[in-house]
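Taking it in order: structure first as structure tokens, then the write-up.
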Amino acid sequence: MRRRKGRVAANRMKTPEFRNEAQEAKWWSSHQTQIAGEFERAAAGGRLGQGSVARKGTTPTTTIRLDQDDLSRARSQAESKGLRYQTYLKMLLREALLAEEQKMATRH
């Protein structure tokens, strides 16, 4: 933050528009230090609110049973990237499906 004429002006990060969740997750992962700094400044200034952001839309929900070791591995990897494990699993699944689709296209 910087001071201007007795006021505090916030240097807010600009969050871009994302084409998909994978792009969004990559952006948030690559900006962790800046996000943490923004959070710490907001906490120090007493500007943190409560609640969460709920994503609205028509994305269907599914349930899948995963091996405990795979789930633990996914949680650990997601944490190291600063992501929620569900988001990370969606990213991995999407990448694998796209890769498989490309392999199938080259076979035909």
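Observations on the model:
- Within segment 56-88, being in a loop (DSSP other than H, G, I, E, B) and hydrophobic (A, V, I, L, M, F, W, C) holds for 64, 66, 83.
Here is a yes/no grid of residues against (1) farther than 11 Å from residue 25 by Cβ; (2) surrounded by 15 or more Cβ atoms within 10 Å (Cβ to Cβ); (3) in contact (Cβ under 8 Å) with a residue 60 or more places away in the chain; (4) over 19 Å from the mean Cα position of the chain (by Cα):
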| site | (1), (2), (3), (4) |
| --- | --- |
| 70 | yes, no, no, yes |
| 74 | yes, yes, no, no |
| 78 | no, yes, no, no |
| 84 | no, no, no, no |
| 90 | no, yes, yes, no |
| 93 | yes, no, no, no |
| 98 | yes, no, no, yes |
| 105 | yes, no, no, yes |
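- Any hit, segment 33-51, residues being part of a helix (DSSP H, G or I), at pLDDT 90 or above and closer than 19 Å to residue 16 by Cα: no
The values are calculated or read from the model by the stated rules, or taken from the named source; none is laboratory data. Treat the numbers as computed from the prediction; the structure is a model and nothing was measured. Cβ coordinates were reconstructed from backbone atoms using ideal geometry, including for glycine residues, and neighbour counts include every protein chain displayed.
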